[in-house]
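Have a look at the structure below, then the notes.
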Amino acid sequence: MLQHSGIGVAITGSGSAAPLTSLDNQGLSQVVDTSDEWIASRTGIRQRHLADPAVYLRQLAAEAGQRALDMAGISALDVDLIVLATSTPDDLFGTASLVQAELGAMKAVAFDLTAACSGFVFGMVTASQFIRTGAYKTVLLLGADILSRWVDWSDRRTCVLFGDGAGAVVMQARSESDRLLGFELRSDGNQNSCLTLAYQPEAKALTSELSVGQGSFHPITMNGQEVYRFAIKRVPEVIEKALFKANLSVEQVDWLLLHQANQRILDAVAQRLTVPPDKVLSNMAKYGNTSAASIPIALDEAVRDGRIKPGDVVATAGFGAGLTWGAAIFQWGN
Ligand code: UT7
């Protein structure tokens, strides 16, 4: 589908990065009362990469971004816009500009986008709007999170799930085609309490009449069963809507690329959509749930090992805190 402006989007490069240090389920069982058997059978996760205190999000993101630029065959100075999807910034004022500085992408404008585990899909749609209107030609879209800094490491219901990492894609303007075939984005703040990383203000009196709220962020809280139910209901729906907009059937999808939260969610969504298991990309055994990074890391691995080929149709969907969820259908490559 080519938009009225006649300018379409192509996804021309991918990259990813993860901290060198990893912790397997056995190691995690020394931190909280859990076991490899419980984690692997309930989630499919076997290990996760964890950033040591000296690692900054901007470094992981820049590493992934540089790899995506290299694959696309362009330099950082060719980038017009950097969108960084993250919920775990180095700086709440914004980390995208720090990634810009790391990369030397000094002709770009850079901003953060927050939509938790849906951030990469929301970012892909956001970036494509700037391209389709003709405003920008080349976008570096990054999904990066260091959730190990925000989980409660004494809460076995959440800390076993998450890992750290970054992924990136280059999106470029094309006059002859549009590879973003359809999308659907949703959110529902009424269900926000299912999954939170919330600021808790505490009253601090400035004068006898005036107080301000000075507190801190509390670690991640999650109602796992609620989020599970939400995901297996809403994700198939949103993919079906995006496919409808793309005028494609499920049979025409080459790869189902879901946010890597839980293997059981991937299996249930694939089953509902009648997508066979060999079309479902999964790497959570190695990384756990890396939030905004999970989709681009899995994409990059599948592109680099030759599973995803130019022209393949990828149905991707993110879901998570907000609550937010969304799907995008795209064709890989020029
Ligand atoms: O990207 C964000 C999206 N988040 C998600 O997608 C998460 C969606 N939810 C899930 O993936 C699953 O709900 C979980 C993997 C989080 C939990 O699986 P579950 O099958 O829903 O387990 P549960 O919460 O019902 O807990 C079952 C039992 C409980 O024990 P009792 O009360 O039955 O005695 C828990 O205390 O498992 C216990 N448990 C654990 N045991 C060992 C919970 N966490 C652990 C653990 N190790 N890490």
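Taking the conditions exactly as written (within 16 Å of the ligand (Cβ to nearest atom), under 16 Å from the mean Cα position of the chain (by Cα) and more than 19 Å from Val99 (Cβ to Cβ)), does Gly163 satisfy them or not? Yes: the conditions hold for Gly163. Screening Gly27 against (1) over 30 Å from Thr133 (Cα atoms); (2) touching a residue at least 60 places away in the same chain (Cβ under 8 Å); (3) not aliphatic (A, V, I, L, M) leaves a single unmet condition, (2). Selection of segment 126-150 for residues being open to solvent by 10 Å² or more (accessible area, probe 1.4 Å), among the aliphatic types (A, V, I, L, M) and under 12 Å from Val9 (Cβ atoms) yields an empty set. Scan segment 44-85 for residues that are within 13 Å of the ligand (Cβ to nearest atom) and charged (D, E, K, R) and report the count. Qualifying residue count, segment 44-85: 1. Checking Asp312, Asp278, Asp300 one by one, the residue that is open to solvent by 30 Å² or more (accessible area, probe 1.4 Å) and more than 16 Å from the ligand (Cβ to nearest atom) is Asp278 and no other. Counting only residues that are touching a residue at least 60 places away in the same chain (Cβ under 8 Å) and on the phi < 0 side of the Ramachandran plot, segment 102-121 holds 6 of them. Ala96 meets all of the listed conditions (1) among the small types (Gly, Ala, Ser); (2) farther than 23 Å from Val235 by Cβ; (3) open to solvent by 10 Å² or more (accessible area, probe 1.4 Å) but one, namely (3). For the residues Ser41, Ser22, the requirement of being within 16 Å of the ligand (Cβ to nearest atom) and open to solvent by 20 Å² or more (accessible area, probe 1.4 Å) singles out Ser41. Looking only at residues of segment 173-207 that are part of a loop (DSSP other than H, G, I, E, B) and more than 21 Å from the chain's Cα centre (by Cα), we find that the one that is surrounded by the most Cβ atoms within 10 Å (Cβ to Cβ) is Asp178. Just one of the listed residues (Gly311, Gly306) is in contact with a Gly (Cβ under 9 Å, 6 or more places away or on another chain), free of Cβ contacts under 8 Å to residues at least 60 places away in the same chain and of a type in the set (Gly, Ala, Ser), namely Gly311.
Would you point out the residue of segment 114-138, among those that are of a type in the set (A, V, I, L, M) and more than 11 Å from the chain's Cα centre (by Cα), that is nearest to Ala261 (Cα to Cα)? Applying the filter and picking the extreme gives Val125.
Return yes when Asn283 is open to solvent by less than 20 Å² (accessible area, probe 1.4 Å) and either away from the ligand (no atom under 14 Å from the Cβ) or under 15 Å from Gly44 (Cβ atoms) (or both) and no when it is not. Yes; evaluated as a whole, the condition is true for this residue.
The values are calculated or read from the model by the stated rules, or taken from the named source; none is laboratory data. Not measured: the values here are computed from a predicted model. When we count neighbours, we look across all protein chains shown, and the Cβ atoms used for this are built from the backbone with ideal geometry, even at glycine. To get the accessible areas, we keep the full protein, side chains included, count just its heavy atoms, and leave off ligands, DNA and RNA. Shrake-Rupley method; radii C 1.70, N 1.55, O 1.52, S 1.80 Å.
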